[in-house]
1. Looking for something assigned by TED's automatic domain parsing to the domain that holds residue 266, at pLDDT 95 or above and within 15 Å of residue 236 (Cβ to Cβ) - is there at least one such residue anywhere in region 157-166?
2. Looking only at residues that are within 22 Å of residue 92 (Cβ to Cβ) and part of a loop (DSSP other than H, G, I, E, B) in region 262-295, which one is nearest to the chain's Cα centre (by Cα)?
3. Restricting to region 37-66, name every residue that is part of a loop (DSSP other than H, G, I, E, B) and modelled with pLDDT of 95 or more.
4. For residue 100, indicate whether it is more than 30 Å from residue 282 (Cα to Cα) and buried (at least 24 other Cβ atoms within 10 Å of the Cβ).
5. Scanning region 66-87 for residues that are out of contact with any helix residue (DSSP H, G or I) (no Cβ under 6 Å at 6 or more places or on another chain) and more than 20 Å from residue 5 (Cα to Cα), which turns out surrounded by the most Cβ atoms within 10 Å (Cβ to Cβ)?
6. Being without any contact (Cβ under 8 Å) to a residue 60 or more places away in the chain and over 14 Å from residue 8 (Cβ atoms) is the filter here; which residues of region 161-180 pass it?
7. In the list 69, 8, 34, 14, which residue meets the criterion of being outside any loop (DSSP other than H, G, I, E, B) and either under 15 Å from the mean Cα position of the chain (by Cα) or over 27 Å from residue 110 (Cβ atoms) (or both)?
8. Looking for whichever is in contact with a strand residue (DSSP E or B) (Cβ under 7 Å, 6 or more places away or on another chain) and over 17 Å from residue 170 (Cα atoms) here; the options are 290, 235, 255. Which one fits?
């Protein structure tokens, strides 16, 4: 099952941009086993810990997560035979929480009716650390785990192979920054002039020098700068308002067939802006981070929306 991770399709979105704009290509990461690019990082974190001897056979794995990392870890841990304890929140999609349970994880939910507040992720991190001590567990600790970057380097290599080494810019919504770092470093190694653009919610534009705030675009905007993100890893930051990301996610599904969540919507907003700016003859790559099937219980795709 773990060999099914990766080697996802890359397609051009010709109708997203005007004819005089740059090309926009999108990696369809919903084709991974749990419908998310987080499968790549979950496997990399577990395999990295196994190789280094940090994770012992049968030891309990512990993680704080908005859901996709938890779903992917639950999948990998089920395949590898590790118990899993998850700290998450009801600020995130119910389908993600249900997926973790389906794979056998023990899930602890922190109540946050306001959404993704600046205090939520640090609170989840503290509770996960307590559980590690209580059960003698292994903390994958995704924000501080450099192994996750290796999981996304493969995504970068796939992009280079699929596009014959022709990429002018890459943009991606930033949470842990694992995808941004793994892909960005692989592209920069092969193409030193590639433009690497980080995307964040306008309501919590910390990377842009703004204040942390509450928003509802799962998968990023944690309210602090990801610890592994270096200044030389990022060329530009682009902010996308929550409402614009949600509208783009709906439009992408209905008009382009790209079925995902507003984190992908934010990626597409940024890619379209870049395409207009860079112009004809250039090529931009972004990521459809997961499948919209994870978000049908909410109102994103309801008739009223």
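The values are calculated or read from the model by the stated rules, or taken from the named source; none is laboratory data. A quick note: this is a predicted structure, and the numbers were derived from the prediction, not measured. Please note: Cβ atoms are built from the backbone with ideal geometry, for glycine as well, and neighbour counts cover all protein chains shown.
1. No: zero hits.
2. Looking at the filtered set, the residue picked out is 289.
3. The answer is 37, 53, 54, 55, 56, 57, 58, 59, 60.
4. Considered against the rule, which asks whether it is more than 30 Å from residue 282 (Cα to Cα) and buried (at least 24 other Cβ atoms within 10 Å of the Cβ), residue 100 comes out as yes.
5. 66
6. Listed by number, the residues that qualify are 164, 165, 174, 177, 180.
7. After ruling out the rest, the residue left standing is 69.
8. So the residue among 290, 235, 255 that is in contact with a strand residue (DSSP E or B) (Cβ under 7 Å, 6 or more places away or on another chain) and over 17 Å from residue 170 (Cα atoms) is 290.
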